[in-house]
Amino acid sequence: MASFLEMRKITKSFSGNVVLNNVDFCVDKGQVHALVGENGAGKSTLMKILSGLYPPDSGEIFIDGKKVSIAGPKQAQELGIAMIYQDICLFPDLNIGENIFIRREPIQKTAGINHIDWDKVYSQTKEYLDYFSLKITPHTQVNTLSIAQQKFVEIIKALSQKAGILIMDEPTAALTEFEVELLFNVIKDTKKLGVAIIYISHRLDEIKRIADTVTIIRDGEVIDSYDARGVSINTILKAMVGKEIEDRYPKLKIKMGKEILRVQSLGYSGLLKDINFSVRKGEILGITGLSGSGRTMLAKVLFGIEGPYDGQIYL
């Protein structure tokens, strides 16, 4: 039996460089299908073709057994294809209901005059929030929501547009472990609605938990597809890079040299407070945190893009 979504023999080149070469990719209704590969493997290009951002050079796309031609994002939306990007695409100063129905507000006529039916906007929004057991109201401002809650709103917005195919690009990138669990619950509830979900992520442990099927793409070609729960992470990695990975995180023995950077009590505009660290020659110092935690601002201050700052920087 044919899958709900079928992409057949998709090929795409840029300036003579083949990015996708005869790619076949299928997703069933009510399935989470993970698409994995190294950076530059072709995942994003394939999804941009599906969402109407790029035309394929050749190949065919079928939805529910019917051949379709996706000329642009508007047509993709009309075909029930929605994409949730890694970066939030909501209006922060509007509330949840306004964001979900923006440019699609239901209209009612009173005394011959058309106006937005706000009661319908908020009642329909509440139905979705209740379905996913989300403890927020339709009138809540988006800029007061956590990153995870904003992801939930984007999913609801897609479903309100009758999306049958939902593409999720690195959806857990900025989430805490607790928020990841909440998102997974929402994804499972979305599956129950019969939505075909394409899940793009580099977090292989998460893929084994949430995906039904995983397809590996390397150098623009599909290498293989597996049952996500039955395949090992090492097998996925081998398919991704084309060789056996004996040590995923090898620790190199390097003799570190003298201190070349020291930061003391660094502060900036209330966004950075009492930052202290040092780096030695030959050392790799990792700086991590959630979106909005100050990582990028710290880099900008160190590079001289932002300032003036409090504290001292020694080179």
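The values are calculated or read from the model by the stated rules, or taken from the named source; none is laboratory data. In this text the structure is predicted, and so the values were computed from the model without any measurement. We place every Cβ from the backbone using ideal geometry, glycine too, and count neighbours over all the protein chains shown.
In segment 131-155, which residues are of a type in the set (Ser, Thr, Tyr), at pLDDT 95 or above and part of a loop (DSSP other than H, G, I, E, B)?
Residues satisfying the conditions are Thr137, Thr140.
Pairs, please: C-beta under 6 Å, at least 6 apart or cross-chain, first residue under 17 Å from Ala196 (Cα atoms) and touching a residue at least 24 places away in the same chain (Cβ under 8 Å) and in segment 45-60, second of a type outside the set (A, V, I, L, M, F, W, C) and surrounded by 16 or more Cβ atoms within 10 Å (Cβ to Cβ)?
Ile49/Pro56
Find the residue count for segment 135-149, including only residues that are over 17 Å from Asp189 (Cα atoms), of a type outside the set (A, V, I, L, M, F, W, C) and surrounded by 15 or more Cβ atoms within 10 Å (Cβ to Cβ).
3
Taking segment 209-241 only, how many residues are within 19 Å of the chain's Cα centre (by Cα) and hydroxyl-bearing (Ser, Thr, Tyr)?
The qualifying residues number 2.
Residue by residue through segment 8-55, note down the ones that are closer than 24 Å to Gly72 by Cβ, charged (D, E, K, R) and under 21 Å from the mean Cα position of the chain (by Cα).
Of everything in segment 8-55, those that are closer than 24 Å to Gly72 by Cβ, charged (D, E, K, R) and under 21 Å from the mean Cα position of the chain (by Cα) turn out to be Lys43, Lys48.
Given the criterion over 18 Å from Leu50 (Cβ atoms) and either within 14 Å of the chain's Cα centre (by Cα) or not in a helix (DSSP H, G or I) (or both), identify the matching residue among Glu206, Glu127, Glu181.
Numbers: Glu127 fails: either within 14 Å of the chain's Cα centre (by Cα) or not in a helix (DSSP H, G or I) (or both); Glu181 fails: either within 14 Å of the chain's Cα centre (by Cα) or not in a helix (DSSP H, G or I) (or both).
Selected residue: Glu206, the only one of Glu206, Glu127, Glu181 that is over 18 Å from Leu50 (Cβ atoms) and either within 14 Å of the chain's Cα centre (by Cα) or not in a helix (DSSP H, G or I) (or both).
Does segment 164-177 include one or more residues that are in the same structural domain as Ile197 (by the TED database), outside any helix (DSSP H, G or I), among the polar types (S, T, N, Q) and modelled with pLDDT under 90?
Taking every residue of segment 164-177 in turn, at least one turns out to be in the same structural domain as Ile197 (by the TED database), outside any helix (DSSP H, G or I), among the polar types (S, T, N, Q) and modelled with pLDDT under 90.
Looking only at segment 254-275, how many residues end up being in a strand (DSSP E or B) and surrounded by 11 or more Cβ atoms within 10 Å (Cβ to Cβ)?
As a first pass, look at segment 254-275 and keep what is in a strand (DSSP E or B): 259-268, 272-275.
With the extra rule that they be surrounded by 11 or more Cβ atoms within 10 Å (Cβ to Cβ), the set shrinks to 259-268, 272-273, 275.
Count: 13.
Take segment 276-292 and flag every residue that is within 28 Å of the chain's Cα centre (by Cα) and surrounded by 14 or more Cβ atoms within 10 Å (Cβ to Cβ).
Leu290
Can you name the residue in segment 42-62 that is surrounded by 16 or more Cβ atoms within 10 Å (Cβ to Cβ) and of a type in the set (A, V, I, L, M, F, W, C) and is also farthest from Arg218 (Cα to Cα) among such residues?
Phe62
Out of (1) exposed (fewer than 13 other Cβ atoms within 10 Å of the Cβ); (2) touching a residue at least 60 places away in the same chain (Cβ under 8 Å); (3) not aliphatic (A, V, I, L, M), what's the single condition that is false for Lys251?
So Lys251 meets the others, but not (2).
Quick one: Pro308 ticks every box in (1) closer than 22 Å to Glu259 by Cβ; (2) of a type outside the set (Asp, Glu); (3) in a loop (DSSP other than H, G, I, E, B) except a single one, so which number is it?
It is condition (1) that Pro308 fails.
Only one residue in Ile187, Ile217 is in contact with a strand residue (DSSP E or B) (Cβ under 7 Å, 6 or more places away or on another chain), assigned to a strand (DSSP E or B) and of a type in the set (A, V, I, L, M), so which one is that?
Values: Ile187 fails: assigned to a strand (DSSP E or B).
None of the others qualify; the one that does is Ile217.
Report the residue count in segment 177-207 for those that are closer than 19 Å to Leu46 by Cβ and free of Cβ contacts under 8 Å to residues at least 24 places away in the same chain.
Result for segment 177-207: 0.
Of all the residues that make up segment 69-114, how many are outside any strand (DSSP E or B) and either within 19 Å of Ala196 (Cα to Cα) or free of Cβ contacts under 8 Å to residues at least 40 places away in the same chain (or both)?
First, the residues of segment 69-114 that are outside any strand (DSSP E or B): 69-80, 85-94, 96-106, 111-112.
Applying the additional criterion that residues be either within 19 Å of Ala196 (Cα to Cα) or free of Cβ contacts under 8 Å to residues at least 40 places away in the same chain (or both) yields 69-80, 85-87, 98, 102-103, 105-106, 111-112.
Residues in segment 69-114 being outside any strand (DSSP E or B) and either within 19 Å of Ala196 (Cα to Cα) or free of Cβ contacts under 8 Å to residues at least 40 places away in the same chain (or both): 22 in total.
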